[in-house]
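Trainee: Below you'll find the structure I mean.
Every number in this text was worked out from the coordinates using simple rules, so none of it is lab data. No experiment lies behind these values; they were computed from the predicted model shown. Cβ coordinates were reconstructed from backbone atoms using ideal geometry, including for glycine residues, and neighbour counts include every protein chain displayed.
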Amino acid sequence: MTKRHDLLPGAEQVLDRHLSSLTLLIGFAIFLALPFVLSAGAVFFLPLVSAVVISVILAPIADRLVRFGLPNGLASGLAILFFAAVSVVVVVAIMQPALALVVKLPELSARATDIMHDLKHWLASTGSTFDLERAVGGSSAITAGTDLLTTLALGTPGALLEYFLTLLLVYFFVGSRTGIKRSLLLDRDTVSGSLTAARTVRDVQDKVSHYVGTVALINLGIGVVVTAGAWLFGLENPVMWGGLAAILNFLPYVGPLATALLLAITGIVEFGSLWVGLLPAACYLGLHAVEANAITPAIVGQRLVMHPASLLIGLSYFTWIWGAPGAVLAIPLTIIVGVVLDRIGRPNLLGFLFGEPLFPPPEDQEGPRDQEG
């Protein structure tokens, strides 16, 4: 059997390209097949992945509590209690008024019908043939509200079970974080492998916890401002609007657009006027423009700036797999994938098409990493 070092230089390059092509095809096949596996096994994989992400976020809190002299088990438990308390407060602050709003859907639907009637007359006066009733779905709001209540009633027990399972996994992950790190470092065959594992764990924890913590504080401020604005405009349940704005702002591009759309629809229905009803949404979009282009870049910093294409691909990919929970997890998971690729080496996909190696030589990868360390 011919060994690799017995090959001629040209044959070795051909072999490398064939192996790289095979690696690329396998990676692409896994990328396409993974959503179906994770989606079919969502009952198992979603709590597991959620627990990993939450553990990465809570680990620095537990570490700080340990430095204050608390036992590791107690520090882990307090960190998880903090997360559980925050999540319960957020859900109660949003869901209670939201359900009250769903109950009022028949009344809101009647108002929407009157507004649509006026808009149809206005469109007819301009000579437009646009079918407004078909575009907005007619009087489907009542049916949608009933379906929403039914879905919530049927889905709540399963969601609570997955929530408590996730918290249990988080407790084990956070409590055993020291052992997990030690295993990742000491079980490597080479010193360079141990260093790469150590730097990967460090970067994942630092970047994810820094991003989530900083963005959470920014979104909290957004929620406070939106709550005050909704109260000044006279919208019902201003706290709910602030909570929705804060949570949806975790989803780049899609979340703010959804918030603006909800504000526009609610404003038009509650105020009974198109232009006055659009004012809350317009003010929110102005606030979001300032936050996204000035506040967040200045606070988060350049080291966490990600390409918009990467954000959109990660958001669409994980939303495709798990829906709304996947959208919430998309950005932390995208950061984790990016950190791992930075450490093990990013594939040179475009260069590979023009004859370059799929992965850069090891000496080219180690230079910038050693400078970071």
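Trainee: For the pair Glu236 and Thr178, what calculated FRET efficiency results from E = 1/(1 + (r/R0)^6), where r is the Cβ-Cβ distance and R0 = 45 Å, to the nearest 0.05? Mind showing how you got there, number by number?
Mentor: On the way: r = 49 Å, r/R0 = 1.09.
Between Thr178 and Glu236 the formula returns 0.35.
Trainee: Now for a different question. Can you give the FRET efficiency to the nearest 0.05 for Phe82 and Arg202, using r as the Cβ-Cβ distance and R₀ = 35 Å?
Mentor: Numbers: r = 23 Å, r/R0 = 0.65.
According to the calculation, E is roughly 0.95.
Trainee: What's the ranking of 256-268, 57-69 by average number of surrounding C-beta atoms within 10 Å, highest first?
Mentor: Numbers: 256-268: 19.1, 57-69: 16.5.
Ranking, from highest mean packing down: 256-268, 57-69.
Trainee: Shifting gears a bit: Per-residue HN-Hα couplings for the stretch 88-94, Karplus 6.51 cos²θ - 1.76 cosθ + 1.60 at θ = phi - 60°, whole Hz, x for Gly and Pro?
Mentor: 5, 4, 5, 5, 5, 5, 9
Trainee: Provide the gained length on full extension for the span Val290 to Val276, in nm with one decimal, where the gain is 0.36 nm per separating residue minus the Cα-Cα distance. Before the final figure, lay out the partial values.
Mentor: Values: separation 14, 0.36 × 14 = 5.04 nm, distance 2.22 nm.
Gain on stretching Val290 to Val276: 2.8 nm.
Trainee: Tell me which trypsin sites (Lys or Arg not before Pro) from the stretch 154-220 have a DSSP coil assignment and no more than 13 other beta carbons within 10 Å of their own.
Mentor: Details: sites: Arg177, Lys181, Arg182, Arg188, Arg199, Arg202, Lys207; in loops: Arg188.
Within the stretch 154-220, no trypsin sites (Lys or Arg not before Pro) qualify (loop, at most 13 other Cβ atoms within 10 Å).
Trainee: Sticking with this one: Order by neighbour count: Met240, Met95, fewest other Cβ atoms within 10 Å first, most last. Can you show the working numbers first?
Mentor: Working: Met240 21, Met95 13.
Listing Met240, Met95 from fewest to most nearby Cβ atoms yields Met95, Met240.
Trainee: Could you derive backbone 3J(HN,Hα) for the stretch 163-176 from the dihedral phi with the Karplus parameters 6.51, -1.76 and 1.60 (θ = phi - 60°), listing whole Hz in sequence and x where the residue is Gly or Pro?
Mentor: Ordered by residue, 3J(HN,Hα) equals 5, 5, 5, 4, 4, 5, 5, 4, 4, 5, 5, 5, x, 9 Hz.
Trainee: Moving on to the next point. Put a dot 7 Å past each Cα toward the Cβ at Leu19 and Ile313; how far apart are the dots in nm?
Mentor: 2.5
Trainee: Based only on other Cβ atoms within 10 Å, what is the fewest-to-most ordering of Tyr171, Tyr163, Tyr284, Tyr253? Intermediate results must be reported in sequence, preceding the final value.
Mentor: Numbers: Tyr171 19, Tyr163 16, Tyr284 23, Tyr253 12.
Least crowded to most crowded, the residues run Tyr253, Tyr163, Tyr171, Tyr284.
Trainee: Then there is this: Apply 1/(1 + (r/R0)^6) to the Cβ-Cβ distance of Ala216 and Leu185, taking R0 = 22 Å, and write down the FRET efficiency to the nearest 0.05. Show your work: numbers first, answer last.
Mentor: Working: r = 30 Å, r/R0 = 1.35.
The formula returns an efficiency of 0.15 here.
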